[in-house]
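So the structure is just underneath, and the comments pick up after that.
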Amino acid sequence: MPSFKIDLSSAVVFVATAPVPKLKNKATGEIAVDKETGADLFTVGLLISDEGEGNLYQVTVPKTGVDASLSPGMPVAVTGLKARDWDIDGRHGISFRAVAVTSLMPVAAANGRG
């Protein structure tokens, strides 16, 4: 299915929920992996505010693109955000994927020293 780039150039983005491993199988705890790179996948909740409207999105990001210091309320930059529609067994929706989510806070402030 095709994916679509999302332009965040005029948006403000904050972490809503800290990154957690994306599970492929909840019963076994198996973590989902990127089919191309083999990297573990994480899910992070992002609040994206643009043109006076804010929305919460669950975004899948490879572990290699997840800034370890991410925490709720932190302003972030999102690289390569795309949306893709999906349809599985009669259920359907839109999934969101990014290459990276990185903190916009100085390192000292992100570590509680700022």
remark   = In the stretch 96-112, residues that are open to solvent by 30 Å² or more (accessible area, probe 1.4 Å), modelled with pLDDT of 95 or more and not in a loop (DSSP other than H, G, I, E, B) total 3
request  = Go through the stretch 72-95 and count every residue that is outside any strand (DSSP E or B) and closer than 21 Å to Leu23 by Cβ.
outcome  = 2
query = Are any of the residues in the stretch 51-64 in contact with a strand residue (DSSP E or B) (Cβ under 9 Å, 6 or more places away or on another chain) and of a type in the set (Asp, Glu)?
reply = no
task = Filter the stretch 72-95 for residues that are small (Gly, Ala, Ser), farther than 24 Å from Ile31 by Cβ and at pLDDT 95 or above and give the result.
result = Gly73, Ala77
ask   = Going by the structure shown, is Phe42 modelled with pLDDT of 95 or more, in contact with a helix residue (DSSP H, G or I) (Cβ under 9 Å, 6 or more places away or on another chain) and among the hydrophobic types (A, V, I, L, M, F, W, C)?
value = yes
request  = Go through the residues of the stretch 1-8 one by one and say whether even a single one is hydrophobic (A, V, I, L, M, F, W, C), out of contact with any strand residue (DSSP E or B) (no Cβ under 7 Å at 6 or more places or on another chain), surrounded by fewer than 14 Cβ atoms within 10 Å (Cβ to Cβ) and not in a strand (DSSP E or B).
outcome  = no
query = Is at least one residue of the stretch 64-71 part of a strand (DSSP E or B), open to solvent by less than 90 Å² (accessible area, probe 1.4 Å) and modelled with pLDDT under 90?
reply = no
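The values are calculated or read from the model by the stated rules, or taken from the named source; none is laboratory data. Please read these numbers as outputs of a predicted model, since none were measured by experiment. Counting neighbours? That spans all protein chains shown, and the Cβs are built from the backbone with ideal geometry, glycine included. We work out accessible area using only protein heavy atoms, side chains counted, and drop any ligands, DNA or RNA first. Shrake-Rupley method; radii C 1.70, N 1.55, O 1.52, S 1.80 Å.
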